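To start, the structure under review is shown below, and the notes come after it.
The values are calculated or read from the model by the stated rules, or taken from the named source; none is laboratory data. In this text the structure is predicted, and so the values were computed from the model without any measurement. Surface areas here come from the heavy atoms of the whole protein model, side chains and all, with no ligands, DNA or RNA. Shrake-Rupley method; radii C 1.70, N 1.55, O 1.52, S 1.80 Å.
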Amino acid sequence: MDLKNNIIPDALPKHIAIIMDGNGRWAKQKGMIRAFGHENGTKTVRKTVEACAELGIENLTLYAFSTENWNRPKLEVKALMKLLVSSLTKELKTLQKNNIKLSAIGCLKTLPKKVFEELSSAIESTKDNTRMTLTLALSYGSRDEIVNAVKEISNKVKNNIISPENIDESIINEHLYTQNLPDVDLLIRTSGEQRISNFLLWQIAYAELHFTSVLWPDFTRQHLYEAIIEYQKRERRFGKTSDQLS
Ligand code: IPE
Ligand code: IPE
Ligand code: MG
């Protein structure tokens with residue numbers, strides 16, 4: 001059965017964020033090296049992006065590389081960066097065909113030059129696309145993002161551009177890497193781990209969380225639909241009582 005038919009079209013999450021985890025374990029189970037898992041993970045990325053665009057999801061944010069992932073073995077980091085460059089080149093056509101706008105969040109200046117250049121050119125050439133915004137979190141850490149925001153706001157206070165009394169949630173929002181994105185509605189993590197790993201701490205304040213034991217390379221459209229269906233069954237109260245909502 002195609003679970004897609006069970007999705008209520010006018011109650012879609014506006015912003016889905018995914019912690020794509022489990023590539024290494026997937027490869028290990030097959031007796032292969034970790035990079036093989038990452039390569040297969042990119043196929044899941046393509047399928048997920050297409051599925052979200054087809055459904056009408058407006059924003060999809062994918063955690064591709066964390067600030068902490070720099071501490072992995074040099075060879076693995078190198079393989080991941082190489083894969084990023086090749087995927088960006090290869091998938092540009094798919095993005096254009098599907099009218100998807102690419103964006104990126106994270107400490108992008110720490111990326112290797114080649115990655116930064118490919119990324120910037122893909123962002124530039126898809127900037128007028130309107131169907132869905134696909135944001136890649138690269139060299140991304142939520143704490144780094146918050147530190148960065150505090151520095152920018154402090155500088156503006158110092159230069160009398162902002163007065164401290166006027167600092168509110170929207171000012172903080174505007175100084176995060178995600179400034180143009182709405183809050184996350186649904187956060188999915190694959191591979192069975194039930195943690196956030198420094199991803200979008202501020203932006204998931206009221207997100208619904210969905211954890212699945214499926215490893216990222218095995219994650220299918222049906223798994224995505226399952227997560228959305230579960231999301232649609234939840235009651236999002238935002239601090240109110242159930243009675244107030246009805
Ligand atoms: C997620 O898979 C991809 C990245 C973090 C880059 P992992 O590489 O973390 O796979 P596991 O968790 O070791 O199985
Ligand atoms: C989180 O996965 C980062 C990405 C998916 C890019 P990790 O595999 O790095 O997270 P931990 O170390 O298990 O928490
Ligand atoms: Mg992992």
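Summary table below
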item	result
For the chain, diffusion coefficient by Stokes-Einstein and Kirkwood Rh (Cα), 20 °C, 1.002 mPa s, µm²/s	112 µm²/s
Portion, in percent, of the accessible area of the chain that falls on carbon or sulfur, probe 1.4 Å	52 percent
Per residue, the convex hull volume that the Cα atoms of the stretch 22-164 enclose (Å³)	140 Å³
The stretch 1-83, Cα convex hull volume normalised per residue, Å³	113 Å³
Choice from Gln179, Gln29, Gln194 showing the highest fluctuation, given a GNM over the chain with Cα pairs closer than 10 Å	Gln29
Cα gyration tensor of the stretch 18-57 - equivalent ellipsoid semi-axes, whole Å, descending	25, 9, 6
Shape call, the stretch 111-246: gyration tensor on alpha carbons, a/c limit 1.5	oblate
Average accessible surface area per residue within the stretch 1-99, 1.4 Å rolling probe, Å²	55 Å²
Taking the chain and dividing mean pair separation by its residue count, relative contact order in percent (alpha carbons under 8 Å, at least six apart)	29 percent
Cα gyration tensor shape for the stretch 177-246, rounded if a/c is under 1.5, else prolate or oblate	oblate
Per-residue SASA entry for Lys156, accessible area with 1.4 Å probe, Å² rounded to 10	70 Å²
Stokes-Einstein D (µm²/s) once Rh is taken as the Kirkwood radius of the stretch 107-162 over alpha-carbon pairs, at 10 °C in 1.306 mPa s	116 µm²/s
28 Å Cα-Cα threshold exceeded, pairs from Lys47/Lys114; Lys14/Lys78; Lys28/Lys74	Lys14/Lys78
Whole-angstrom Cα spans of the stretch 80-127 along principal axes, big to small	29, 18, 13
Alpha carbon centroid spacing (whole Å) that separates the stretch 87-136 from the stretch 175-246	23 Å
For the stretch 118-246, accessible area per residue (1.4 Å probe, heavy atoms of protein chains only), Å²	54 Å²
